[in-house]
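What follows is a single structure, written as structure tokens, with notes after it.
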Amino acid sequence: VRREAQARRAAAAEILPVARGSADSIHVWLDLPPAWEADSLRRAAQDQGLSLVTAQAFATGRQAPNGMRISLGGPAKLAVLIPALEKIAGLLAQGPSSEKLVV
């Protein structure tokens, strides 16, 4: 279990180097760049088939940090986790969409 957790954390460190977590952690914390709001990234990821949880869900006070908790242990296989992390990295790199649709 530890070897698998370490392999997953190593993949996360390579793909999302700004994510924080110990070497054998099954989750990492991702502080978002100022351009992103946590809920906007959550929705953008959801559009790509990912389910992210914002820091708000783990906050004990009213003001949560602008970030995400990413579960590295959720996907059954590392081969599933890696493309998901790459999608998150891609979203961060492209920045939030400025397109707004009013209906």
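If you go through segment 23-40 and keep only what is part of a loop (DSSP other than H, G, I, E, B), open to solvent by 60 Å² or more (accessible area, probe 1.4 Å) and either within 22 Å of Ala13 (Cβ to Cβ) or free of Cβ contacts under 8 Å to residues at least 40 places away in the same chain (or both), you end up with Ala23, Asp24, Ile26, Pro34. Take the conditions (1) in contact with a Leu (Cβ under 8 Å, 6 or more places away or on another chain); (2) surrounded by 14 or more Cβ atoms within 10 Å (Cβ to Cβ); (3) touching a residue at least 12 places away in the same chain (Cβ under 8 Å); Gln48 misses just one of them, which is (2). Among the numbered conditions (1) over 19 Å from Ser25 (Cα atoms); (2) open to solvent by 40 Å² or more (accessible area, probe 1.4 Å), the only one that Arg69 does not meet is (1). Which residues, taken from segment 51-76, are farther than 17 Å from Val18 by Cα and either at pLDDT 95 or above or among the polar types (S, T, N, Q) (or both)? Listed by number, the residues that qualify are Ser51, Gln56, Thr60, Gln63.
Among the residues of segment 13-31, which ones are in contact with a helix residue (DSSP H, G or I) (Cβ under 6 Å, 6 or more places away or on another chain) and modelled with pLDDT of 95 or more? Those that are in contact with a helix residue (DSSP H, G or I) (Cβ under 6 Å, 6 or more places away or on another chain) and modelled with pLDDT of 95 or more: Ile15, Leu16, Ala19, Val28.
Every residue, every condition in (1) assigned to a helix (DSSP H, G or I); (2) open to solvent by less than 90 Å² (accessible area, probe 1.4 Å), yes or no:
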residue: Ala11; (1), (2): yes, yes
residue: Pro17; (1), (2): no, no
residue: Arg42; (1), (2): yes, yes
residue: Gly61; (1), (2): no, yes
residue: Pro65; (1), (2): no, yes
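The values are calculated or read from the model by the stated rules, or taken from the named source; none is laboratory data. Remember, it's a predicted structure, so these values are computed and weren't measured experimentally. Note that we place each Cβ from the backbone using ideal geometry, even for glycine, and neighbour counts take in every protein chain shown. Ligands, DNA and RNA are excluded from the accessible area calculation, which covers all protein heavy atoms including side chains. Shrake-Rupley method; radii C 1.70, N 1.55, O 1.52, S 1.80 Å.
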